[in-house]
Amino acid sequence: MSYLKPQFKHPKLPKNKIGYTIKEYEGPLSTLCAGCGHDSISAAIVQACFEMSVEPHKVAKISGIGCSSKTPTYFLGNSHGFNSVHGRMPSVATGASMSNKDMVYFGVSGDGDSASIGMGQFVHVIRRNLNMVYIVMNNGCYGLTKGQDSATADQGSKSKAGSVNPFQAIDLASLAIELGAPFVAQSFSGDKQQLVPIIKAAMHHKGFAFINVISPCVTFNNNAGSTKSYDYVRQHIEATSTLDFVPEMPIITTKYDQGKSTKVALHDGSIIQLNKLATDWDPEDRVSVVNALQQARLKNEILTGLLYVNTEWNDLHGTLKTCKTPLNKLTEKDLCPGEEILEGINRNFR
Amino acid sequence: MKPTDTKNPEYYHKVVDCQYACPAHTPVPEYIRLIAAEKFTEAYMINWESNVFPGVLGRTCDRPCEPACRRVRVEEEPVAICRLKRVAADNKGDVKKHMPQGPFPPNGKKIALIGGGPASLTMARDLAPLGYEIHLFDEQIAGGGMMRSQIPSFRLPEQVLNEEVNYILDLGIHTQFLTYVKSLKEVLSQDYDAVFVGTGAPRGRDLPKLPGRKEADAHIHIGIEWLANVAFEHTKSINKKVIVLGGGNTAMDCCRTSRRLGGKDVKVVVRSPFEEMKASPWEKEDAIHEDIEIIDNHVPLSFEHENGKLTGMKFQKVKAVYDENGKRQLLPTGEDDVFIEADEVLIAIGQENSFPWIERDLGLDFDKWNMPVVDEVTFQSTNSKVFFGGDSAFGPKNVITAVAHGHHAAVSIHLFCEGESLYDRPSPYTNLVSQKMGIHEWSYDSSVAIDQRYLVPQAKKSLTLKDRKKEVELGFEIATAYRETQRCLNCDVQTVFKEDRCIECDACMDVCPTSCITFTTNAEEPELRQKLLVPAENLEQDLLVSSELKTGRVMVKDEDVCLHCGLCAERCPTSAWDMQKYFYSVTKANQMSTAFPPIEK
């Protein structure tokens, strides 16, 4: 078994704007099962960061416990990382974001880490609208403990051992919308063409960006009868739209049917261009999104793509009105400006 | 694109760049792995079966395999294939017991081989076990041809050559040395069933029209003749100031031999720019290391002499100019002509074929360049009984090409003697075997070493320049050889893809360290090459294209910089990828009767 990736790379590997090849965004060789959907998501994150020309040292990856939470070891090897306690990734991410708001935060979690043990943390981080990309690598089972059904396993889905799941599934995307998450997307690990632009848009979105990625567990949940297998997902996938992320203001040369094309401008001037495939769905209208998700569920479809986006809500730093300089960059002089200024503040209260 | 036909024996063969580039198609990675395992005898036999002279070639081969080595494309320096071959030869055990053992039951056929060089000896080795009575004629005192007369002993010790020539002669070859064949007609009038001509390119080019050539003749020599005289000890010394004309490997051998016979101030003067000289880069380096000055861009004008004694040569300075087709012209720079002092000149500006002993009324056609008309596949001349090979067939090349010719011509002669069509040639022997030993375990060392090429140690100059028989290169130590073997990428362990097993999880595409694998929609080749993760711009390397997968895409693998690290197969959950060792061997005449020739024992 290979433990190390060969150091050679393709001599003609393209470089991004800051002179890095995609190799500089990769991590060491994955120890997850061969063919794990999580590895594809890692590759999509690598691809997105490379294409966005992000400086690797300006990214932090934070995770909890589980197969999904192991993945940050295997991507962005030159970035910061924190493998935290089971289900407690949002707390650590909140702390990190509070102290340094200048970084891109990737929270990587799984269906167990978010929908079971970490549910409390998950709902509250949404409520606070922390500026981060929250990715759930959702395989519907506990892969690390031999594949028991998780809280996101669909009712009626058959496990590898043959038992049928009697419980209703928690639909994380619907829940996130319900709780007011301002950016909600759903995708499939086997569809990087869709996933990479979603991650890019999520990185640019100021506020909480939630991406629920169906990611087949090849070892325990890729059997016939499972609703999270490669084959089932491919057969039941239904995209809301095809999506392009345009980091800078483009010259509009859309080739889409105008009636079906929608643009969403983000805070920093970048644009998400959507070519709608679903009818009666508007990514900026929460009611239509909830409706579309319910309709899809009735038809046993998995609705993917960018589901909902709202660029008006304040993120946590905006709500708390923190200063422009990241807190960790404030010096003693900034924090203890001296007696005179303290006196001035006190005078205001008298 | 259509799905790749991997059943075509040449597809995977081409992936093994070194083997494909070798005229004899020696299975290079196979013997490199054996050297790594210190199975030197087995490594030697893989070589001997294919290239007949592993000890000789491990020192002197032109190594067409090395520029082809994949390592050049992913790193810079190729694996030291040639010198590893020498390691096998230097450390082998008893190889003779693995060779065909005579006497062989005669098949009643008689063959004459004219010339005792590598082509004829290869022919003898291939045909003797089939029972042919083989008569080998050579004008020299021993077999080996130009390997004996032109390659100096400090590059190829005589005992190494003798050993490998004798392995063949011991198969029961009837040798007639010191016999110059004066007439092909006479040979044909005897009862030979076929005649093979392997007389090389024995005539060194001269500069007969250059002023002073005749007057100073006593101190002007033709390079290959002079080297032969040194080899057979007719010439034992040379004057102090020597000019060697020419830029090929013979010129390098001439100048280095001169240094050993008394030449103190030895200069090589060549018409072309240094970079374009025909000599192999390492031979130029070795010459420079022995204090030989190489003066490029000088065209000889005249031999200067006083009282019938050579005093030097005059040269015109030129520069290389290229037209839009890249064709080179050497134009005078207009600077003053240069006089270079010398008291001996060796002319090593090429060699050519010469067939004064072949009568022109034998039904054996010659072309307008006075070369025999020889079929490129069968090596048969227009006289059906007469076959050519080595330098005598298509002009001067090298030892390994001569060996390859010998194998092909031997197949032809065997078919000819059996009364079969010469074009109904045997297919190569191929075998494709999975290297899987368990989950993620391979029976080859799949890790990729980042080591740079190791240098072969050399004997001290102070020693080698004193004795022309003292071998300069010492060969790799076994420990260094092992490290060098690890640089080999095992290109013969093929990435074999089974589309019906693929679930399109993209794991192979994500993990491939050199971004060779892409899943995309199909297109015609030029477009498909551009659609890959990294566009496949090296058109000499093929694409491995699958049939259409479930999602309508195809798997495309660019063979160009694949490291054969096996990661695609390790990260594949369904074994759609497998690492399978491809063994390819050119079928030799003595293997034609058996379905599975005994290659390894």
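The values are calculated or read from the model by the stated rules, or taken from the named source; none is laboratory data. Here the structure is a predicted model, which is why all the values come from computation and not from measurement. As a convention, Cβ positions derive from the backbone with ideal geometry for all residues, glycine included, and neighbour counts pool all protein chains shown. Note: accessible area is taken over every heavy atom of the protein model, side chains too, but ligands, DNA and RNA are not part of it. Shrake-Rupley method; radii C 1.70, N 1.55, O 1.52, S 1.80 Å.
Data for the structure
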read-out	value
Filtered residue count, region B:146-156, keeping only those that are open to solvent by 10 Å² or more (accessible area, probe 1.4 Å) and either free of Cβ contacts under 8 Å to residues at least 12 places away in the same chain or over 17 Å from B:ARG260 (Cα atoms) (or both)	2
Qualifying positions in region A:14-66 - touching a strand residue (DSSP E or B) at 6+ places or on another chain (Cβ under 8 Å) and assigned to a helix (DSSP H, G or I)	A:TYR25, A:GLY37, A:HIS38, A:ILE41, A:SER42, A:ALA43, A:ILE45, A:VAL46, A:CYS49, A:HIS57, A:LYS58
Within region A:1-42, considering residues that are more than 11 Å from chain B (Cβ to nearest Cβ) and free of Cβ contacts under 8 Å to residues at least 24 places away in the same chain, the one most open to solvent (accessible area, probe 1.4 Å)	A:LYS15
Selection within region B:381-408 - in contact (Cβ under 8 Å) with a residue 40 or more places away in the chain, open to solvent by 40 Å² or more (accessible area, probe 1.4 Å) and touching a Phe, Trp or Tyr at 6+ places or on another chain (Cβ under 9 Å)	B:LYS385
Verdict on A:SER84 being of a type in the set (Gly, Ala, Ser), away from every other protein chain (no Cβ under 12 Å), open to solvent by less than 20 Å² (accessible area, probe 1.4 Å) and more than 30 Å from B:GLU504 (Cα to Cα)	yes
Filtered residues of region A:44-56 (kept if open to solvent by 20 Å² or more (accessible area, probe 1.4 Å) and closer than 14 Å to B:LEU533 by Cβ)	A:GLN47, A:PHE50, A:GLU51
B:TYR167 vs. criteria out of contact with any His (no Cβ under 6 Å at 6 or more places or on another chain), of a type in the set (Phe, Trp, Tyr) and under 17 Å from B:VAL386 (Cβ atoms)	no
Residue count for region A:206-219, restricted to those that are out of contact with any Leu (no Cβ under 6 Å at 6 or more places or on another chain) and more than 12 Å from chain B (Cβ to nearest Cβ)	7
Failed item in (1) away from every other protein chain (no Cβ under 14 Å); (2) out of contact with any Pro (no Cβ under 6 Å at 6 or more places or on another chain), with B:VAL586 passing the rest	(2)
Residue under evaluation A:GLN121, criteria (1) open to solvent by less than 10 Å² (accessible area, probe 1.4 Å); (2) within 13 Å of A:TYR134 (Cα to Cα), criterion not met	(1)
Pair list, Cβ under 6 Å, 6 or more apart: region B:547-563 residue at the interface with chain A (Cβ under 8 Å from one of its Cβ atoms), other residue open to solvent by 40 Å² or more (accessible area, probe 1.4 Å)	B:VAL561/B:ARG73
Residues being open to solvent by 10 Å² or more (accessible area, probe 1.4 Å) and either among the acidic types (Asp, Glu) or within 14 Å of chain A (Cβ to nearest Cβ) (or both) - total across region B:470-489	6
Every residue from region B:70-121 that is over 30 Å from B:CYS417 (Cβ atoms), β-branched (Val, Ile, Thr) and in a loop (DSSP other than H, G, I, E, B)	B:VAL79
Members of region B:194-248 that are of a type in the set (Phe, Trp, Tyr) and touching a Phe, Trp or Tyr at 6+ places or on another chain (Cβ under 8 Å)	B:PHE196
Test result for B:ARG71, out of contact with any Pro (no Cβ under 8 Å at 6 or more places or on another chain) and modelled with pLDDT of 95 or more	no
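Let's see how each residue does on (1) in contact (Cβ under 8 Å) with a residue 12 or more places away in the chain; (2) open to solvent by 60 Å² or more (accessible area, probe 1.4 Å):
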position: A:LEU277; (1), (2): yes, yes
position: A:VAL289; (1), (2): yes, no
position: A:LEU293; (1), (2): yes, no
position: A:LEU330; (1), (2): no, no
position: A:LYS333; (1), (2): no, yes
position: A:ILE345; (1), (2): no, yes
